[in-house]
Structures are given as structure tokens and as C-alpha cells.
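Read the figures in this text as sums done on the coordinates, not as results from a lab. Being a predicted model, the structure only gives us computed values, none of them experimental. Every residue, glycine as well, gets a Cβ built from its backbone with ideal geometry; the counts of neighbours run over all protein chains shown.
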Amino acid sequence: MSKLVDWVKYSLRWGTPLPRQRISSYLEWALQRDILRDYAVNCVLDVGANKGQFARNLRRVGYQGHICSFEPIGEDYALLCASFRQDRQWAGYNYALGSQNTRQTFHIALKSTPLSSFLAPQSKDWKLREVEVEMKRLDTVFQEVIAATGLREPRVFLKMDTQGYDVEVFRGAEGCLAQVVGMQSEVSVKPIYVGMPHYLDAIRTYESHGFELHGLAEVFRHPQQNSIIEMNCVMMRPRLRPT
């Protein structure tokens, strides 16, 4: 860490442009590593797993506990399964999470599937494929998912990256939030999907259930205007922190 700080100071002194994403990502994952350790997290619910990028990074920063990944797109789920085939503490579920137990139209972004969402994009230029996928409330499957891990005292971290649908996922988890010690949500300063909540409204929703903001990291910045578009926010329950 000290080497990184020295390099940043040196670069700033001589006016060298800094690779913002590299530094931001390093700091974000350092915080993630420390939080999982400090709060004794032993199960991460990876909602909106796509091809398993978040879970693989968890392993890279040293997290060795259980990971339960949820991904509704069949093709991406197949790649996700290939990632955790040799990992006994990583399991996958081929359905979406939301605020209802139903089937619903899902908009698959053909250019980049991580941008797929239940919500339609603001831009009319996106090429989409629509499919109907299964949606479940987390609080209706929570006990089954945790039972499959074998954990007797789960300390759960809920990671959500569902392209504008995180608050709906959160609402579908209200019956099991007491067992969630922390969470991460992607929030938008400038919404790119129709009907998605403003980032302040999303954070207020999480705060109303007892979570407190612990960190923010940029996800996407406007390439011309240099303004923040999306951020990851990490929120925790300090009162559940181990003594």
C-alpha cells in the first residue's frame, strides 16, 4: 500500500495523469477484503453474477468462505458454472432475484451482457434480446440457499449488481435482512435505465433498514464530461460487528 501512495504522490507532483480506474479498483477491493475479514463474513450472496467476475475477485483478495451466485441468463450461467466447478464453496443459481416470485421479461444487452436488466435502457440505440426469466424473492429461498452451504452461524454479505434493480432485490430480502451483516449495491448518479431509483433514494432505503455507508467506489465515469455516472456503495451494520 505504501508503494502505491508514494507512486501517487510522485505522479501528482510531476503532473503525470493517473490511471483512475486502476487506483479506484485497488482501493475498492482493499476495502472489500478488510470488511469481509473484520465482520467475519462467511457467505457472500452474489446477485447479478454475470460470468462470475465478482466472485473470482473475491478469491483473488483472499476470501475463502462460501459464495452463492445468482444469474438468470442461461449462456452466462453456463460460463459461471465453469468458473466454480473446482470450488467446493462456490454454488450457482440460475434465476434472478427481485421483489416478487414470478416470471418477468428480461432485457439482454447484446453488446455487453453485464448491462442486461429487467429495466429498459434510456438509450434507444442499445440492441436487445428479450427473454422471460424466473424471479424469486431472496427471503423465500434464503433458508434453502444457506442450508446448502452447511453453515450453522451464517454471517452474510449481500452483493447486488442488477443494473438498476438493486432496490427491488433488497425489497425481496426484507424477511431475511436480520441475517445480513453488510451489503454492496451499484447506485446511479445519472440513471441509464428507465424507472431506476436515484442514488440518494437507494441509499436512504438501505439506511432505513439499519445499514450505514462505509464506502463508495466509482464504477463508470462519463468519458467526455468526466462526471460520475455509477458507483458501488458498501453499507454495513456496525452493531453486528464481532467484538
ask   = What list do you get for Ser185, Ser227 if you sort them by fewest beta carbons within 10 Å?
value = Ser227, Ser185
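Can you give the Kirkwood hydrodynamic radius for the chain, in Å, rounded to one decimal and based on Cα pairs?
Computed over the chain, the radius equals 18.8 Å.
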note = Taking every other residue with Cβ under 10 Å from the Cβ of Met183 and scoring Lys and Arg +1, Asp and Glu -1, one gets +1
key: the chain, helix-only ellipticity at 222 nm - DSSP H runs n ≥ 4, -39,500 (n - 2.57), divided by all residues, nearest 500   = -9500 deg cm²/dmol
inquiry  = Between Glu153 and Leu213, how high is the FRET efficiency from 1/(1 + (r/R0)^6) when r is the Cβ-Cβ distance and R₀ = 30 Å? Nearest 0.05.
reply    = 0.70
